[in-house]
Each structure stands twice: as structure tokens, then as C-alpha cells.
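First the structure, in the form of C-alpha cells, and then the observations on it.
The values are calculated or read from the model by the stated rules, or taken from the named source; none is laboratory data. None of the values given here were measured: they were computed from a predicted structure. As a convention, Cβ positions derive from the backbone with ideal geometry for all residues, glycine included, and neighbour counts pool all protein chains shown. We work out accessible area using only protein heavy atoms, side chains counted, and drop any ligands, DNA or RNA first. Shrake-Rupley method; radii C 1.70, N 1.55, O 1.52, S 1.80 Å.
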Amino acid sequence: MAGHDDSGASGKKSSENEVPTFNVENMQSNMKVVYYSRTFMSIIGGVIAGILGFTGLMGFVVYVLVMAITSVCLTAKAGFSIHSYFDSWNRVLMDGFLGGLLSFVLFWTFAYDIVHIF
């Protein structure tokens, strides 16, 4: 993950009133990593839920657990220093949460049908 841009702090000590600057390209790259990770984990979680035969609300509980684990893993990957890589905690914890739901449901039903119906 790409960190924030320190190019503006040439030799000056940072004061308490100084606003941190972020490199836009690095921020976009970090958000792509979050979205790709959530999409990939949604697909894997959907396949696992389908193979294990979860139906109804239990399948959605699996989705929430997979997304929670993904958020914790992304936070750990950032060294629990979210503000060095993102502008807010919301970027890691919630962005892309509902975006992966459609992929989860697609692969959940596909894997369930393959294993338990056919």
C-alpha cells in the first residue's frame, strides 16, 4: 500500500496545526486494493457458503463475517495506521461492503446449485 506524500515537508518539523497531505494517485491505488480485496473475498466467501450448504439468513451472516475479517486484515496490512494510507477509517471498514454483495450472492447460489442440486 502506498503511504502519504511527505514531499512538502522538506526540512521543516511538523507542527500540530499542519494538515497532512495525501498523494491522489497513492490514495486511488489504495482504494483499488480495498475494492479488489473485498470483491475477491466476496467470491471466495460465496463459494464457501454454497459448498457448506448455507441457506437464508445464515448465508448473509457468512457474508458479514467475511467482510469483517477482510476489514481486519486490511487494517493489519496497513499496520493499524489507517491515517497513513487513507483519509478516514470509513474507507477501510465500509467502502465496498455492499459492492461485493452481488458477487457473493452470485457465487453462493452457483456453488450451492452445483454441489447440492445437480
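Okay, here's what the table says:
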{"read-out": "The stretch 74-99 residues that are more than 12 Å from residue 38 (Cβ to Cβ), paired with ones that are open to solvent by 80 Å² or more (accessible area, probe 1.4 Å) (beta carbon under 7 Å, 6 or more apart)", "value": "82/89"}
{"read-out": "Residue match in the stretch 58-68 (condition: over 10 Å from the mean Cα position of the chain (by Cα) and more than 29 Å from residue 115 (Cα to Cα))", "value": "no"}
